[in-house]
Structure formats: C-alpha cells, structure tokens
Amino acid sequence: MPSQGSTCEAPHDPRPLVLSLKGITKRFGPLTANDHIDLDVRAGEIVALLGENGAGKTTLMSILFGHYIADEGSVSIADADGKLAPLPGGSAQAALAAGIGMVHQHFALAENLTGFENIVLGTQSLWSLRPRGRGARDKIARLMAESGLAVDLDVPVARLSVGEQQRIEILKALYRDVRVLILDEPTAVLTPQEADSLAATVRTLAGKGLAVIFISHKLHEVLALCGRVVVLRGGTKVADRPTAGADRATLAELMVGRAIPARERPPSTPGAPVLSLRRVSVGALSQRDRLEGADLDVRAGEIVGIAGVSGNGQGALAALVAGLAAPRAGEAMIDGVRLAGADPAGRVAAHVGRIPEDRHRDGTIGSLSVAENFVLETISAPENQRAGLIRRAAIRARAMEAIQAYDVRCPGPDAAIRALSGGNMQKVVLARVLEREPKLVLAHQPTRGLDIGATTDVHRRLIAARGRGAAVLLISEDLDELFALSDRIAVVHAGHLSPALDAAGLDVRTVGLMMAGHGAGEAA
Amino acid sequence: MIRFVPRTRTPVWLSVAVSIGAGLAALALTAIPLALTGAPVFTAFALMAQGAAGNGFALAETLTRATPLIFTGLAAAVAFRAKLWNIGAEGQLYAGALATVALGAGLIEAPSYVLVPLVLIGAALAGAVLLLVPVLFKTRFGADEVVVTLLLNFIVLLFVQMMLEGPMKDEMALGWPQSAPVLDEATLPKLVSGWRLHGGLVLAILAAVLLHVFITRTVWGFRIRAVGENARAARYAGLPVGKAMALVGLLSGGLAGLAGASEVAGLKGYLTADLSPGFGYAGIVVATLANLSPLGVIPAALFVAGVFVGADSMSRAIGVSNYLADLVVAFALLSVLVGGLLTRFRIVFVRRGTA
C-alpha cells in the first residue's frame, strides 16, 4: 500500500498544484533508492532539490520521466484545465506529452545540427522531408523574447559556447510547452556572469507560471534563486522548507546528515618552484584551447588555482603538465628538468601526480578492476611485477589498503571500476596519484560532478598534499573551490594566462570579469 | 513490458549458459527453413551429430577441422580485444603456409627437432610481419586496418598463386599448381596412426592456454587489455599504446601464420592456393562465439568445425545441401550476439500500469 501523503493544500499558497508525487518508493534489490517521497510543485514555483550522490534525486527524476517505474506511489500532473491527473508510469512519451521537460547536466544536443534543428528535432514526423519552417521559427522567436534567452539559431551547436548550448536546451524544453522544467546542475559549467543570467531567465519563466525543479550542489545559488528547498538523504525526504531563514551550513548538514567540518587550510611556507613556465605556448595555432606565452611558477607547498571558462587554454596547460602535449615555444621545467616531448610515462616517473578532468575517459578503464586501475600507471614497477608477471596478490593487498585509507565504497578490489559512483571512482584516482607522494599535483576539475561529502574529501587530500610539500596546480571552473583552496589564483582567457595573484586580495566578481576577458585593472 | 537493467558483473555460469543456449537456439532456427524444404528435420540433425562426433573417426575429423580454427580464432580474439580489427587472418595464414614450404620443403636439411620449430617460428614470423605493417600504418598514419588487412588477403593469395605457378611449382606434380611437399623432418607428427589428426591440435590448445595466461597474468597482457578497453586512459596513464598495439599485431598475425603452418606441415604436406576454405574469416566467427576469450575459442572452434563436418556427412546421407552448415553457424553468431545482451543486462518483466 502506498502511504498517503497529506493532500490538503497549504492555505498560504494560492498557486495551483502542477505536479504531485505521493509516496514514491523504489527499491533496487536490498537498496531503497526512494522511500515514500512526497513532492508537490506549484505553478510559478522554483523548488530546489538537494541531496548527495546516491540520495535518490536521479531515481526520483527518472521515475518522473518514466525511465523507471515506482514500486509504490503515484505521480500526478495537471492537465490543460489545471486538474491533477495521474501520469502513467514507465512512459517517457507520456511524461513529455504531460509537459515535463528536463535539461541534463550533459547536454543532449546533436552537435552537427543548428540550434533551430535541435529545438524542433523529434517534434515532427520522421517522414516529413523538410524541417518545419515559419511556424516553428515564430514560436521560438516568441519564446526567446519572453524568456530573454538570446542565441544564434543558425550555426551548428558545436560552435556555440557551453552557456549558449544550455540556452538551446532550455528553448528545446520550452518549445515542447513544458509546465514543469527540471534543471540538473545547470550552473556547473557556467561563469558567474552566465549563471546570473540563467538565474534571471529562470525567474522570468517562473513569473510566467512555469514550475521549476532546480537540482544543484551550489547552496548559495539555491538560497538566492529558489523559494523552497527539498532535501533528500539516503532515499528519504529529510526536509521540505522555504529557503527563507535557511543558511548554507544548515542545508549542508541536512544533506550530509552530519556537520561539515570547516575546511582547514593551515598556513604554509612555499619553497622552490616545482613547475615553472617561461613564455610557454602549447597547442597548435588552429586549436581553440591553446596557451600563448604563459608565465607561471608553482612552488612546493602551495596551491595555485587556474580560473577560466573551459576551452580558454587550461586544457592545453593541463595537457602540458600531464605529458600529453609538448611546449611549442618557451621553456617549461618540472623540478629543474626541461620538458621536451609529450611523455606521460615520463611525468609519472618525475613524480607528477595527475588527476584528469574526465575520470571516465582519461582517469580509469571501466572494465578493469579497482585494483588494476589503482596500478594503471605503475604496473611495470618492481612492486607490481616480477619478470613480467603481475604480482596479483601484492597489488590486491595494496588496493585493499588504499580502499580503506581513502574510504572507497566498492564491492571489493576485484569489482569493475565502472560499477562505482563518480565520487568513489575519483577516490581511486586520488589514491593512485597521492599514494606515490608526488612533488607536483595536477588537479584538473577534481570535484566535477561530486557531492559535498566527496568534494570535501578531495579538498582535504589536496590540502594535505600541499602540507606535505607538494606543489599543487588546481584547474577549476568552480570559483568557490578555487577560493577555498588556492594560495594564488591566475585567470586564463583566450589562451592568455594572467599573473597569479594572491587569493586573499581577490574577490569572485573580479575573477569572474577576468574570466570573461576583462583585465584585472579594468575589472577592479 | 520488458526492461533491460545493466549488470555490474556477469557470473561465469551465465556466460557459459548463454553460449550453450545460443547453440541450441541456432539449431532451432535452422530447423525452420529445413522443415520448409520438407527435409526430415530430426533425422538431419541426428545425422549431423553422428557425422561430427558419432565415432572416433568422425570426432578426429572434427578435431582436425577445428585445429586451424582455434589458431585463427585466437588471432581474431587477441586482436579484437585490443580493438585492432584484423580481417586479414586469411592472408596471414597463407603467408605462414608459404614460409612453411619455403623453409620445410628442402631448403634446410635438419633433424625434425630442429626443423619443426624452425618452420613454426618462420610461419609465425611471416604472419606477424604481414600484420605488423597495417598496424604501424594505423598507429603512425591513422590508416584503417580493416581496409588494409582485408585487401592484403587478396594480394597475398595472388602472390601465393604466382609462386605456385612459378618458382615454387613442384615439377613432379603433373602440372598442378602446387608446391613441393615438405620434408618428413618438417612434418608434424600424427596423433593417431592412420587418421588425419595431427600435432597441430596440441599446439593450438597450448597456444590458447598460453594466450590466456599471457592476457590475464602478464604486464604486457595488462597493457593490451588497458589499451583495448580505453586507449585514451591508457595513454594518459603513460602506457606504451603504440608498442602494445604492435605486440598485438605480432601475436595475432603470428597465430594466423601458425594456422597455415599447421595445415601444411600437419595435414596437407604441400601448399596449394585452396589450402584454406576461409579459415581466416571463420576465425572471426569463432572468436565472437567465444566472446573473445582465448579458452572459449577451443569449444567455439569445435562447435563450428563439428557443424561443418557433420553437415558434410549428413548431406552425403540424405542429400540436404551442406550449405546448412553455413546457416547453423550464421544463426549461432546471431544468437550469441543476442545472448550478449543477456550477459550485459538483466531482463526484468514489469506489468504495465504499475506506478
């Protein structure tokens, strides 16, 4: 029997209910991913959905979308007359037809098609030969005017910036006449200015009666934008309250279930430079993500943060440090040794610990086990092989220790790593990188897609590496992260790296403007 | 309604069960066209089984036919694991066969404990070098190895025909385009006197076991698996991607070359241009049926060989075309591909309208 949630409407909120989830329960074997969750969303409301990875947000949204069928409970959505009608489970078409739209964190756009083609894609019969013309154009133009989402519709999506691609995604949802719009981590890839513009758009849309469910890890955004916040933890709803009167610390505690220790960053005296770049250029001239004449020192015992919108040259910088690219011009040194060719194995040998941007693509090999991924870089070291034969027992034993030490939640060292959550996968990468006590750590977007708990853990480890005397180069798009960790911050824009300035003397606004291409002096 | 839920790991028993189920499904599917032609379905299958393994002689025939298939199946399995799409095992087989007669038909005179290993090494090297070229083209210039290896098959076969009509032609063969026979010292021993079954089978099984150990237990095997599964991450981790691919090329080509040596030095005794009825291509089928597992290649090769030998025998007895064998193998391939879905996903049946 589904448990009956309260159906009486809150007297102080006259806006009509658009979406109502009652007693949603979903079990996967012994795991209860959603335990009797009730969620009501009203027209014009912006509701934040908070929760750590594994709290049940994705499952809940998947049920709403018809990708999963709930074991118990019901989903109702307002029909055209505003009356709540049950939504048949397990049908994505039904969800779309009922007006539920979602913008995923990883966009679902056909990159070779134009914005216009992407928006109308799937809304017409496959048999029609030409894309719908005038009518669709007019409708999109009207939506753009109403929402303030301006974007060039006639260039291939691949040529648009991430922020512009996101606008196409939102327009795509609006074009399908959504009444409930779900935004999954929408600001993860945006500059602060782009995020502000998105927030303005969301407010405008909500003002016109759209119900918005906003999934985010960034608590200050949630507090600024949303009227109500729903917190999931371990599959149950632990809070459903107005944001008024809430603060970041309470929300974080609700999500994690325990107080989050304040990040401690003990003072550290930097030593000699470990990474040193002098007028270094990296990447072919035809490449957008390239570095031109960069100067940078990262000293032992300090964290230098690189801020910038992805694609402005930090990829080239990371490739250089990781050993995937060679400098085209200038002099790059690691620990006194001049870098010549592309040589990832050489970087491993030179005690450079590299945390790649994309742990699925570059950091791990999905079908290999946790233990095998742990020794991916060091398989030929004497502790891992003897006469070319893998020392399986020794590797397994050390992997077990690392699993303990880094608190990796997994079925064991022999489990395929792709079965792990993003946070646990990242812990394996961290264990691999940091166990070898590197002299230089490259942390490229080390917490992208991780929840608060895992993020805190990564930050703690990076600060510990700094304390041990490692030089840490932190490349991130998350300004909160950069300010929390970095001793000095440099901004990269269009291939040019600004001087690294003392983080204490910088503020988020200034860095945000520099990321958009304004000089430090101009921004101040 | 049916849903597919991804599995985090696949139990071994399930993989085995799916393979056996696929074999049975293939027979069931073959029964449909068989019945449509009015042939006696069960008699035909019974005769096939009898022809494949009904007596010692039939079984020996199946094992003889399976021998080159194990070699080419291993060649395909090791290459495909590293995502090196070697379609050229047929050509590498002929290159190995050519090396076998070049070395074993009188050029070198030595006792068999010297000549047999020499011939085998020569054949493996010939196949290996033939594949190494496309691999280097792939890693250096990005040339598509499917096209290069496939086209090399025709070049090698034409080269073999040229050699058999010219410099390697046996003057004693009454004008037939065939090579001189290999010396007795270069011939692989028969396993049972009077039967065609030869030492190549032992070598093939040994190769499967060694390849299994190599892939799972050695550093280079680890590198090959890593490169095959995610070359980007392997490169990021500093693994020698190019060398690993070159090694895969040497192994795969070498195994296919051994298939040629085994056929010439173990079975035929001399080289003709129709030495292989497509063993190189059938190796791809065998490797796929084996889910690219070196040990699985052995039963998969036995199955394919059994179907062909059994179908020949059945066709002689009741006149149903032995093309039936192609049908069974094709259906088996399709069944295994569908079965792969079962090993990667759990199938969950749900009643419509719950939730």
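Straight-line reach from B:Lys83: which aspartates and glutamates fall under 18 Å, measuring Cα to Cα and dropping same-chain residues less than 8 apart?
A:Asp362, B:Asp144, B:Glu145, B:Glu229
Relative contact order (percent) for region A:365-435, with alpha-carbon contacts under 8 angstrom and 6 or more residues of separation? It would help to have the intermediate numbers written out before the result.
Values: 79 pairs, mean separation 29.0, N = 71.
Relative contact order, region A:365-435: 41 percent.
Hey, what number do you get for chain B at 222 nm if only DSSP H runs of n ≥ 4 count, each worth -39500 (n - 2.57), divided across all residues, to the nearest 500?
Rounded to the nearest 500, it is -23500 deg cm²/dmol.
Would you work out the charge dipole size for chain A about its Cα centre, treating the Cβ of every Lys and Arg as +1 and the Cβ of every Asp and Glu as -1, and quote it to the nearest 20 debye?
In debye, rounded to 20, chain A gives about 760.
For chain B, which DSSP H helices look membrane-span-like by this rule: Cα extent along the axis of 27 Å or more and mean Kyte-Doolittle of at least 0.0?
What comes out of the filter, once short or polar helices are dropped, is B:12-36, B:56-81, B:112-141, B:145-165, B:241-262, B:294-318, B:324-344.
Lysines near A:Lys218 by alpha-carbon distance under 18 Å, same-chain residues fewer than 8 away left out - which ones?
Qualifying lysines at Cα under 18 Å: A:Lys57.
Which listed residue (A:Ala97, B:Val286, B:Thr100) has the Cα farthest towards the positive end of the charge dipole for the protein assembly as shown, taking +1 on Lys and Arg C-beta and -1 on Asp and Glu C-beta about the Cα centre?
After comparing all options, I get A:Ala97.
Can you give the mean number of other chain Cβ atoms that lie within 10 Å of the Cβ atoms in peptide A:366-379?
On the way: counts 3, 5, 6, 1, 0, 0, 3, 3, 0, 2, 10, 4, 2, 8.
The per-residue average across the peptide is 3.
What list do you get for A:Ile452, B:Ile32 if you sort them by fewest beta carbons within 10 Å?
Least crowded to most crowded, the residues run B:Ile32, A:Ile452.
Sum -39500 (n - 2.57) across every DSSP H segment of at least 4 residues in chain A, then divide by the residue count to get the 222 nm mean residue ellipticity, nearest 500. Present the calculation step by step, with values, prior to reporting the outcome.
Working: 17 runs with 162 residues, N = 524.
Helix contribution divided over all residues of chain A: -9000 deg cm²/dmol.
Please report the antiparallel percentage of DSSP beta bridges with both residues in the protein assembly as shown, rounded to the nearest 5.
Restricted to the protein assembly as shown, the bridges split so that about 60 percent are antiparallel.
Around B:Ile224, with a cut-off of 11 angstrom between Cβ atoms, what is the net charge of the other residues, counting Lys and Arg +1 and Asp and Glu -1?
Around B:Ile224, the charge tally is +4.
Only counting other Cβ atoms within 10 Å, I'd like A:Glu292, A:Glu481, A:Glu401 sorted with the fewest neighbours first.
Details: A:Glu292 19, A:Glu481 22, A:Glu401 14.
Taking fewest neighbouring Cβ atoms as first place, the list is A:Glu401, A:Glu292, A:Glu481.
If you take every residue apart from A:His104 with its C-beta less than 9 Å away from the C-beta of A:His104, what net charge results, scoring Lys and Arg +1 and Asp and Glu -1?
Numbers: positive: none; negative: A:Glu169, A:Asp184, A:Glu185.
Combined, the nearby Lys, Arg, Asp and Glu give -3.
For chain A, what is the relative contact order in percent, using Cα pairs closer than 8 Å and at least 6 residues apart in sequence?
14
Compute the angle between helix A:134-147 and the longest alpha-carbon principal axis of chain A, please, reported from 0 to 90 degrees and rounded to the nearest 10.
So the helix axis and the longest Cα principal axis differ by about 70 degrees.
How far, in degrees from 0 to 90, does helix A:392-405 lean away from the longest principal axis of the Cα atoms of chain A, to the nearest 10?
60
What does the average come to when, for each residue of peptide B:238-246, you count the partner chain Cβ atoms lying within 10 Å of its Cβ?
3
What is the Cα coordinate range of region B:67-291 on the first, second and third principal axes, sorted by size from largest, in whole angstrom?
Result, largest extent first: 59, 34, 31 Å.
Between their Cα atoms, which of A:Lys26/A:Lys237; A:Lys83/A:Lys172; B:Lys169/B:Lys268; A:Lys22/A:Lys237 are more than 18 Å away from each other?
Those over the limit are A:Lys83/A:Lys172.
Taking each pair of distinct Cα atoms in the protein assembly as shown once, what is the resulting Kirkwood hydrodynamic radius in Å?
That comes to 31.4 Å for the protein assembly as shown.
What net charge is computed for the residues neighbouring A:Ile24, neighbours being all others with C-beta under 13 Å from the C-beta of A:Ile24, Lys and Arg scored +1, Asp and Glu -1?
Taking every Cβ under 13 Å from that of A:Ile24, the sum is 0.
If you rank A:Arg328, A:Arg398, A:Arg279 by fewest surrounding Cβ atoms within 10 Å, what's the result?
Sorted ascending by nearby Cβ count, the order is A:Arg279, A:Arg328, A:Arg398.
Calculate the dipole size of chain B relative to its Cα centre from +1 charges on Lys and Arg beta carbons and -1 charges on Asp and Glu beta carbons; express the result in debye to the nearest 20.
Around 2100 debye, computed over chain B.
Please work out the Cα center distance from region A:455-524 to region A:286-311, rounded to the nearest Å.
What the calculation gives is 10 Å, centre to centre.
Values in this text are rule-based calculations from the coordinates and carry no lab data. Owing to the predicted nature of the structure, the values given are computational and were not obtained by experimental measurement. All Cβ positions, glycine included, derive from the backbone under ideal geometry; neighbour counts span all protein chains shown.
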